[in-house]
Amino acid sequence: AWTWTLSQFHRALDDTASREASAEARVDDIRDYHAFAATIGRQLGVMHDVLAQPTDDAAFAPGRAAPADVDAWIARATELLSRALDAVAGRKDWDNETVAADADALMTAREVLLDALQRLGRSGEGTLMTRIHGDFHLGQVLVASGDAYIIDFEGEPARPLEERRRRSSPLRDVAGLLRSLDYAAATAIDPKNVVASRVSPGRRQRLVARLREGSEAAFLAAYRDAVTGLSDMGGDDLLDFFLVEKAAYEICYEAANRPAWLAIPVSGLARIAARLLAATARSET
(Lines give C-alpha, C1' and ligand atoms only; values in the text may rest on other atoms or scores of the structure.)
Protein backbone atom coordinates (compact mmCIF):
# COMPACT_ATOMS: atom_id res chain seq x y z
CA ALA A 1 0.00 0.00 0.00
CA TRP A 2 2.95 2.34 0.52
CA THR A 3 4.06 1.84 -3.08
CA TRP A 4 0.47 2.05 -4.33
CA THR A 5 -0.09 5.27 -2.37
CA LEU A 6 3.00 6.97 -3.74
CA SER A 7 1.92 5.95 -7.25
CA GLN A 8 -1.50 7.55 -6.67
CA PHE A 9 0.09 10.74 -5.38
CA HIS A 10 2.45 10.88 -8.34
CA ARG A 11 -0.42 10.25 -10.74
CA ALA A 12 -2.40 13.09 -9.19
CA LEU A 13 0.59 15.42 -9.39
CA ASP A 14 1.28 14.37 -12.98
CA ASP A 15 -2.34 15.02 -13.97
CA THR A 16 -2.16 18.40 -12.28
CA ALA A 17 1.04 19.27 -14.15
CA SER A 18 -0.37 18.12 -17.50
CA ARG A 19 -2.32 20.65 -19.54
CA GLU A 20 -4.14 17.74 -21.18
CA ALA A 21 -5.57 16.32 -17.96
CA SER A 22 -9.18 17.27 -17.40
CA ALA A 23 -10.50 18.61 -14.12
CA GLU A 24 -12.56 15.43 -13.80
CA ALA A 25 -9.43 13.29 -14.08
CA ARG A 26 -7.84 15.23 -11.25
CA VAL A 27 -10.95 14.84 -9.10
CA ASP A 28 -10.98 11.09 -9.85
CA ASP A 29 -7.39 10.80 -8.58
CA ILE A 30 -8.46 12.26 -5.25
CA ARG A 31 -11.66 10.19 -5.03
CA ASP A 32 -9.79 6.96 -5.77
CA TYR A 33 -7.31 7.59 -3.01
CA HIS A 34 -9.94 8.58 -0.48
CA ALA A 35 -11.92 5.43 -1.33
CA PHE A 36 -8.87 3.25 -0.77
CA ALA A 37 -8.13 4.91 2.58
CA ALA A 38 -11.71 4.10 3.57
CA THR A 39 -11.12 0.47 2.57
CA ILE A 40 -8.14 0.26 4.92
CA GLY A 41 -10.24 1.83 7.67
CA ARG A 42 -12.99 -0.77 7.24
CA GLN A 43 -10.52 -3.66 7.24
CA LEU A 44 -8.76 -2.39 10.34
CA GLY A 45 -12.11 -1.95 12.07
CA VAL A 46 -13.17 -5.50 11.18
CA MET A 47 -9.87 -6.82 12.52
CA HIS A 48 -10.27 -4.91 15.79
CA ASP A 49 -13.85 -6.12 16.11
CA VAL A 50 -12.68 -9.73 15.79
CA LEU A 51 -9.92 -9.22 18.34
CA ALA A 52 -12.43 -7.69 20.78
CA GLN A 53 -14.76 -10.70 20.81
CA PRO A 54 -15.10 -12.59 24.13
CA THR A 55 -12.98 -15.73 24.40
CA ASP A 56 -11.83 -18.22 27.00
CA ASP A 57 -8.27 -17.84 25.70
CA ALA A 58 -6.66 -15.53 28.27
CA ALA A 59 -4.07 -14.35 25.74
CA PHE A 60 -6.80 -12.91 23.51
CA ALA A 61 -9.57 -12.00 25.95
CA PRO A 62 -10.37 -8.26 25.79
CA GLY A 63 -10.12 -6.09 28.88
CA ARG A 64 -10.28 -2.53 30.13
CA ALA A 65 -7.38 -0.15 30.74
CA ALA A 66 -6.66 0.12 34.45
CA PRO A 67 -4.88 3.13 35.97
CA ALA A 68 -1.65 1.09 36.00
CA ASP A 69 -1.98 0.46 32.25
CA VAL A 70 -2.46 4.14 31.59
CA ASP A 71 0.50 4.97 33.83
CA ALA A 72 2.64 2.71 31.64
CA TRP A 73 1.32 4.32 28.44
CA ILE A 74 2.05 7.81 29.74
CA ALA A 75 5.52 6.85 30.99
CA ARG A 76 6.49 5.39 27.61
CA ALA A 77 5.05 8.32 25.64
CA THR A 78 6.67 10.89 27.92
CA GLU A 79 10.06 9.22 27.58
CA LEU A 80 9.71 9.09 23.78
CA LEU A 81 8.57 12.71 23.54
CA SER A 82 11.41 13.94 25.75
CA ARG A 83 13.96 12.07 23.63
CA ALA A 84 12.34 13.35 20.43
CA LEU A 85 12.41 16.98 21.54
CA ASP A 86 16.03 16.62 22.64
CA ALA A 87 16.85 15.29 19.15
CA VAL A 88 15.08 18.24 17.53
CA ALA A 89 16.91 20.68 19.80
CA GLY A 90 20.22 19.12 18.82
CA ARG A 91 19.61 19.57 15.10
CA LYS A 92 20.71 23.00 13.84
CA ASP A 93 20.73 22.68 10.04
CA TRP A 94 17.21 22.25 8.66
CA ASP A 95 16.59 22.02 4.91
CA ASN A 96 14.15 24.92 4.76
CA GLU A 97 12.63 27.72 6.80
CA THR A 98 9.29 25.97 7.23
CA VAL A 99 10.83 22.95 8.96
CA ALA A 100 13.07 25.23 11.06
CA ALA A 101 9.96 27.12 12.18
CA ASP A 102 8.24 23.82 13.04
CA ALA A 103 11.25 22.81 15.13
CA ASP A 104 11.24 26.16 16.95
CA ALA A 105 7.52 25.81 17.62
CA LEU A 106 8.09 22.40 19.20
CA MET A 107 10.81 23.79 21.44
CA THR A 108 8.50 26.57 22.59
CA ALA A 109 5.66 24.11 23.24
CA ARG A 110 7.79 21.51 25.04
CA GLU A 111 6.32 21.83 28.54
CA VAL A 112 2.79 22.28 27.24
CA LEU A 113 3.12 19.12 25.14
CA LEU A 114 4.48 17.08 28.01
CA ASP A 115 1.64 18.29 30.24
CA ALA A 116 -0.88 17.52 27.48
CA LEU A 117 0.30 13.90 27.37
CA GLN A 118 -0.77 13.48 30.99
CA ARG A 119 -4.26 14.82 30.31
CA LEU A 120 -4.74 13.00 27.02
CA GLY A 121 -3.44 9.72 28.39
CA ARG A 122 -5.75 9.80 31.42
CA SER A 123 -8.73 9.74 29.06
CA GLY A 124 -7.78 6.13 28.35
CA GLU A 125 -8.76 4.78 31.78
CA GLY A 126 -11.53 2.21 31.39
CA THR A 127 -11.22 2.03 27.60
CA LEU A 128 -11.02 -1.16 25.56
CA MET A 129 -7.78 -3.13 25.49
CA THR A 130 -7.23 -6.01 23.07
CA ARG A 131 -4.46 -7.65 21.12
CA ILE A 132 -3.58 -5.26 18.31
CA HIS A 133 -1.42 -5.24 15.20
CA GLY A 134 1.16 -3.12 16.98
CA ASP A 135 3.14 -1.91 13.97
CA PHE A 136 0.44 -0.76 11.58
CA HIS A 137 1.33 1.40 8.59
CA LEU A 138 0.87 1.39 4.82
CA GLY A 139 3.75 -1.05 4.41
CA GLN A 140 1.70 -3.62 6.35
CA VAL A 141 -1.14 -3.58 3.82
CA LEU A 142 -1.31 -5.42 0.50
CA VAL A 143 -3.45 -4.06 -2.35
CA ALA A 144 -5.27 -6.51 -4.61
CA SER A 145 -8.32 -5.97 -6.82
CA GLY A 146 -9.14 -2.72 -5.05
CA ASP A 147 -9.18 -4.38 -1.63
CA ALA A 148 -6.80 -4.12 1.33
CA TYR A 149 -5.22 -7.08 3.13
CA ILE A 150 -3.47 -6.60 6.48
CA ILE A 151 -0.24 -8.56 6.95
CA ASP A 152 2.77 -8.91 9.31
CA PHE A 153 1.28 -9.40 12.75
CA GLU A 154 4.53 -9.80 14.68
CA GLY A 155 4.31 -6.28 16.11
CA GLU A 156 7.07 -3.72 16.42
CA PRO A 157 10.26 -5.72 15.75
CA ALA A 158 12.43 -3.72 18.15
CA ARG A 159 10.17 -4.40 21.16
CA PRO A 160 10.41 -7.53 23.37
CA LEU A 161 8.06 -10.35 22.38
CA GLU A 162 6.21 -10.19 25.70
CA GLU A 163 5.44 -6.53 25.11
CA ARG A 164 4.34 -7.16 21.53
CA ARG A 165 1.81 -9.75 22.73
CA ARG A 166 0.46 -7.42 25.41
CA ARG A 167 -3.05 -5.98 25.05
CA SER A 168 -3.29 -2.30 24.25
CA SER A 169 -5.69 0.26 22.84
CA PRO A 170 -6.81 -0.39 19.26
CA LEU A 171 -6.38 3.35 18.69
CA ARG A 172 -2.62 2.78 18.67
CA ASP A 173 -3.07 1.03 15.30
CA VAL A 174 -5.30 3.86 14.09
CA ALA A 175 -2.64 6.43 14.97
CA GLY A 176 0.00 4.37 13.16
CA LEU A 177 -1.92 4.44 9.89
CA LEU A 178 -2.73 8.14 10.17
CA ARG A 179 0.94 8.92 10.61
CA SER A 180 1.77 6.67 7.65
CA LEU A 181 -0.64 8.64 5.45
CA ASP A 182 1.16 11.81 6.52
CA TYR A 183 4.53 10.25 5.66
CA ALA A 184 3.30 9.36 2.18
CA ALA A 185 2.06 12.89 1.59
CA ALA A 186 5.34 14.41 2.76
CA THR A 187 7.33 12.06 0.54
CA ALA A 188 5.21 12.90 -2.50
CA ILE A 189 5.45 16.65 -1.96
CA ASP A 190 9.25 16.65 -1.67
CA PRO A 191 10.52 19.11 -4.32
CA LYS A 192 13.37 16.69 -5.04
CA ASN A 193 10.67 14.36 -6.39
CA VAL A 194 10.81 14.67 -10.21
CA VAL A 195 7.04 14.51 -10.63
CA ALA A 196 6.35 16.94 -7.79
CA SER A 197 8.89 19.44 -9.12
CA ARG A 198 6.76 19.91 -12.26
CA VAL A 199 3.98 21.47 -10.18
CA SER A 200 4.28 24.92 -8.60
CA PRO A 201 4.81 24.86 -4.81
CA GLY A 202 1.40 26.37 -4.08
CA ARG A 203 -0.56 23.94 -6.27
CA ARG A 204 1.53 21.04 -4.99
CA GLN A 205 0.80 21.92 -1.37
CA ARG A 206 -2.94 22.36 -1.99
CA LEU A 207 -3.30 19.09 -3.92
CA VAL A 208 -1.37 16.98 -1.45
CA ALA A 209 -3.23 18.59 1.47
CA ARG A 210 -6.52 17.53 -0.15
CA LEU A 211 -5.21 14.02 -0.68
CA ARG A 212 -3.86 13.73 2.88
CA GLU A 213 -6.68 15.40 4.79
CA GLY A 214 -9.40 13.71 2.77
CA SER A 215 -7.81 10.29 3.11
CA GLU A 216 -7.42 10.73 6.87
CA ALA A 217 -11.08 11.70 7.20
CA ALA A 218 -12.22 8.81 4.96
CA PHE A 219 -10.07 6.31 6.86
CA LEU A 220 -11.38 7.45 10.25
CA ALA A 221 -15.03 7.55 9.16
CA ALA A 222 -14.88 4.01 7.71
CA TYR A 223 -13.01 2.73 10.76
CA ARG A 224 -15.53 4.19 13.18
CA ASP A 225 -18.41 2.71 11.18
CA ALA A 226 -16.76 -0.72 11.43
CA VAL A 227 -16.34 -0.58 15.23
CA THR A 228 -19.73 0.87 16.17
CA GLY A 229 -20.51 -2.35 18.07
CA LEU A 230 -17.54 -1.89 20.40
CA SER A 231 -17.98 0.15 23.58
CA ASP A 232 -15.52 2.45 25.33
CA MET A 233 -13.04 2.63 22.49
CA GLY A 234 -11.77 6.00 23.63
CA GLY A 235 -12.31 9.35 21.96
CA ASP A 236 -10.32 12.01 20.16
CA ASP A 237 -8.17 12.78 23.23
CA LEU A 238 -6.88 9.22 23.39
CA LEU A 239 -6.26 9.14 19.65
CA ASP A 240 -4.30 12.40 19.95
CA PHE A 241 -2.26 10.82 22.74
CA PHE A 242 -1.21 7.96 20.48
CA LEU A 243 -0.58 10.34 17.56
CA VAL A 244 1.86 12.34 19.71
CA GLU A 245 3.49 9.13 20.90
CA LYS A 246 3.85 7.80 17.35
CA ALA A 247 5.27 11.06 15.95
CA ALA A 248 7.75 11.20 18.85
CA TYR A 249 8.81 7.61 18.11
CA GLU A 250 9.31 8.53 14.44
CA ILE A 251 11.52 11.49 15.34
CA CYS A 252 13.69 9.27 17.55
CA TYR A 253 13.93 6.65 14.80
CA GLU A 254 14.75 9.07 11.99
CA ALA A 255 17.30 10.96 14.09
CA ALA A 256 19.13 7.70 14.77
CA ASN A 257 18.74 5.98 11.40
CA ARG A 258 17.62 8.32 8.58
CA PRO A 259 18.45 11.95 9.40
CA ALA A 260 17.40 13.03 5.91
CA TRP A 261 13.82 12.01 6.77
CA LEU A 262 13.71 13.78 10.14
CA ALA A 263 11.79 16.77 8.78
CA ILE A 264 8.72 14.60 8.08
CA PRO A 265 7.87 13.64 11.67
CA VAL A 266 9.04 17.03 13.00
CA SER A 267 6.52 18.83 10.81
CA GLY A 268 3.91 16.18 11.60
CA LEU A 269 4.35 16.59 15.35
CA ALA A 270 4.32 20.38 14.96
CA ARG A 271 0.90 20.22 13.25
CA ILE A 272 -0.46 17.97 16.00
CA ALA A 273 0.95 20.30 18.66
CA ALA A 274 -0.53 23.38 17.01
CA ARG A 275 -3.95 21.75 16.91
CA LEU A 276 -3.74 20.71 20.57
CA LEU A 277 -2.59 24.17 21.64
CA ALA A 278 -5.41 25.82 19.69
CA ALA A 279 -7.95 23.48 21.31
CA THR A 280 -6.53 24.26 24.77
CA ALA A 281 -6.74 27.99 24.10
CA ARG A 282 -10.39 27.68 22.99
CA SER A 283 -11.30 25.70 26.10
CA GLU A 284 -9.70 28.31 28.37
CA THR A 285 -11.70 31.12 26.80
Suppose a student asked you for the relative contact order of the chain, using Cα pairs under 8 Å spaced at least 6 residues apart; what percent would you report? 32
In Å, the C-alpha Rg and Dmax of the stretch 143-285 are 17.0, 50
Over the stretch 40-157, calculate the relative contact order: mean separation of alpha carbon pairs under 8 Å at least 6 apart, over the residue count, as a percent. 36
In cubic angstrom, how much convex hull volume per residue do the alpha carbon atoms of the stretch 229-285 span? 98
Mind listing which chymotrypsin sites (Phe, Trp or Tyr not before Pro) in the stretch 21-129 are in a DSSP loop and have 16 or fewer other Cβ atoms within 10 Å? F60
To the nearest 20 debye, what is the magnitude of the charge dipole of the chain about its Cα centre, counting +1 on the Cβ of each Lys and Arg and -1 on the Cβ of each Asp and Glu? 460
Rounded to the nearest Å, the spacing of the alpha-carbon centers of the stretch 242-272 and the stretch 97-146 is 10
Calculate, in whole percent, how much of the Cα-Cα pair population of the stretch 105-157 lies beyond 14 Å. 70
Which Cα, out of V227, Q205, T39, lies furthest along the positive dipole direction of the chain (beta carbon charges, K/R +1, D/E -1)? Q205
Could you point to the label whose value was computed as Cα extents along the principal axes in Å for the structure here, given (i) 81, 48, 38; (ii) 60, 46, 41; (iii) 72, 51, 41? (ii)
Provide, as a two-decimal number, the C-alpha radius of gyration of the stretch 44-138 over 2.2 N^0.38 Å, N being how many residues it has. 1.45
Which of these, L178, L51, L161, has the largest mean-square fluctuation under a Gaussian network model of the chain (Cα springs below 10 Å)? L161
In square angstrom, rounded to the nearest 10, how much accessible surface does D182 have for a 1.4 Å probe? 10
Charge dipole of the stretch 45-182 about the Cα centre (unit charges at C-beta), most positive-ward option of A59, L80, W94: A59
Based solely on C-alpha atoms, express the radius of gyration and the Dmax of the stretch 138-184 in angstrom. 12.3, 36
Gaussian network model of the chain, springs between alpha carbon atoms under 10 Å - residue of A256, A38, A247 with greatest fluctuation: A256
What value in Å³ per residue do you get for the convex hull of the alpha-carbon atoms in the stretch 85-175? 170
Pick from G176, G202, G45 the residue whose mean-square fluctuation is largest in a GNM of the chain, springs joining Cα atoms under 10 Å. G202
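The values are calculated or read from the model by the stated rules, or taken from the named source; none is laboratory data. In this text the structure is predicted, and so the values were computed from the model without any measurement. We place every Cβ from the backbone using ideal geometry, glycine too, and count neighbours over all the protein chains shown. To get the accessible areas, we keep the full protein, side chains included, count just its heavy atoms, and leave off ligands, DNA and RNA. Shrake-Rupley method; radii C 1.70, N 1.55, O 1.52, S 1.80 Å.
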